[in-house]
Amino acid sequence: MLERVPLLEKELDQYAEIVGAETIAEIREAAAPLRGARVLHISATAYGGGVAELLATHVPLLRSVGLDAEWQVLHGSDDFFTITKQVHNALQGAEVAWTPDMQRSYLERILDNALLLENGWDFVVVHDPQPAALLHFLRDHPSFGGGDRTRWVWRCHIDLTDAKPNVWEFFRPFVELHDASVWTLDSFVPPSLKMDRVEVLPPCIDPLSVKNLDLARPFCEELTRQYGVDTKRPIVCQISRYDPWKDPVGVIEAFRLVRERVPEAQLLLAGSMATDDPEAFRVWEETELARDGDKDIHLLSNLHQVGSVQINAFQRIATVMVQKSVREGFGLTVSEALWKGRPVVGGRAGGITLQVIDGFDGYLVEDVEACAQRVIDLLADPVGADALGAQGREHVRAHFLATRELLDWLRLLGELR
């Protein structure tokens, strides 16, 4: 079998105080016809990046309402993940080589994984390009699904607005075999996709996860100081994977403009190294080079024992949060920051535009100079910054909490069944 991801239990009723009893009742009503249904989510990795964070909450909540849900990950290799990272970049618009050898290597690895997949599932949800071709090798399996045909859903978390045609056309036939596809934004869906069921269901954050639980400010300050950050001075912070699309070097360039006006400011860049992203260390090295030994630019990752508690503290202690992505599927860190009452300066890219309403809970920017100016504006007006953050928290409560995503998926699965 594929590698099963162990998960902590979660109870839906624990969310009632945050989202209200009516929402909890609505979720239970939607789940009732699906009780006992077997649901399998498949992704490339169990650690690092938004998909892993989503599934760590979503699968336990499916179990909490009576579904038999599992999360399994592919058996990959360095070569496989190098290829799929190239695919990821090409589908987001980068120029990459896409050779017959790469295609063959990808399909061989997916075939190996398909042979390990157990049958008996009512629903299989595959996330992003890495497992997209699994159904190609299983569609004629006589017993897959345990009698009734398994319903397959492809969940695309990335922005295909400018996908390279040669790579997308390789994957499109595999995607079109699925019973439905799910996207973050309607604009991400390529016009060439021919499917009867295309859903737009943005992802959400878990307000009760370790990363989002309330933490006392003195605790946040002490934890942050342990990493050499002066909590008495303004802190500009970006939390993200070390990925070129997150533009950490651009954040450093913007920060240097900020410091011309606010000399006491500090920059904190922190994030994880995803296990399916061999490019991360190269981006880290480029970011370290751009940092150029500046003691007021703090560069941290999970390799420095930075985990969910530390990220939570950094987001709460930050004066201004930044997410200067140049291409973004959704960007969970934006909703995380807004939920903690911090305003966000975000790149005008993909799912960030769903979360940051320009001038309401932060600002949308398109270049280094605009990013710097908006950060300067927020640093100069802490009362106004807090007001934007408070509005952001309520925006997230209304649209981007895990209970809303759970309800969306229960409705989709019920209709597919």
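Please treat every number below as a calculation from the coordinates, not as lab data. Just so we're clear, the structure is a prediction, and the values are computed from it rather than from any experiment. Positions of Cβ are backbone-derived with ideal geometry, glycine not excepted, and every protein chain shown enters the neighbour counts.
Numerical summary
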item: Neighbour-count ranking [beta-carbon atoms within 10 angstrom, fewest first] of Ser308, Ser240; result: Ser308, Ser240
item: Overall form of region 318-412 per C-alpha gyration tensor (a/c, 1.5; a/b vs b/c); result: oblate
item: Label-point separation in nm, Asp140 to Asp214, each point 7 Å along Cα→Cβ; result: 5.9
item: Three-way shape call for region 217-399 based on the alpha-carbon gyration tensor, with the a/c threshold at 1.5; result: rounded
item: Rounded if a/c under 1.5, otherwise prolate or oblate - region 216-260, Cα gyration tensor axes; result: oblate
item: Proxy reagent accessibility, fewest Cβ within 10 Å first, across Ser77, Ser43, Ser335; result: Ser77, Ser43, Ser335
item: 5 angstrom amide H check on Arg197, placed H, neighbours 5+ away; result: Ser181
item: The chain, Cα convex hull volume normalised per residue, Å³; result: 131
item: GluC sites (Glu not before Pro) within region 1-55, DSSP loop, no more than 16 other Cβ atoms inside 10 Å; result: Glu9, Glu11
item: Rough spin-label spacing in nm, given labels placed 7 Å along Cα→Cβ, for Asp101 and Leu8; result: 4.5
item: Efficiency of FRET between Glu169 and Leu115 - r from beta-carbon atoms, R0 30 angstrom, step 0.05; result: 0.70
item: Selection from Leu208, Pro190, Asn166 lying farthest towards where the dipole of region 164-282 points positive, charges on Cβ; result: Leu208
item: Selected from Val365, Val334, Val96 as most flexible by GNM, with the chain as the system and alpha-carbon contacts under 10 Å; result: Val96
item: Straight-distance crosslink candidates among lysines, where the alpha carbon sits under 24 Å from Lys324 and sequence neighbours closer than 8 are dropped; result: Lys85, Lys164, Lys211, Lys246, Lys295, Lys340
item: Surrounding net charge for Thr353, when Lys and Arg each add one and Asp and Glu each subtract one, Cβ distance under 13 Å; result: -4
item: Neighbour net charge for Gly20 - beta-carbon separation under 15 angstrom, K R +1, D E -1; result: -3
item: For the chain, with +1 on Lys and Arg beta carbons and -1 on Asp and Glu, the positive-most of Trp98, Leu34, Gly389 along the dipole; result: Leu34
item: Dipole of the chain [Lys/Arg +1, Asp/Glu -1 at C-beta], most positive-end residue of Asn113, Met1, Phe255; result: Met1
item: Contact order normalised by residue count of region 217-399, Cα under 8 Å, 6+ apart, percent; result: 24
item: Additional length obtainable on full extension of the chain from Lys295 to Leu177, 0.36 nm per residue less Cα span; result: 37.3 nm
item: Residue exposure sequence - Asp377, Asp296 - by fewest surrounding Cβ within 10 Å; result: Asp377, Asp296
item: Region 217-399 - charge dipole about Cα centre, Lys and Arg +1 at Cβ, Asp and Glu -1, debye rounded to 20; result: 520
item: For the chain, calculated [θ]222 nm from helices alone, where every DSSP H run of n ≥ 4 adds -39500 (n - 2.57); result: -13000 deg cm²/dmol
item: The chain: relative contact order as a whole-number percent, Cα under 8 Å and 6+ apart; result: 16
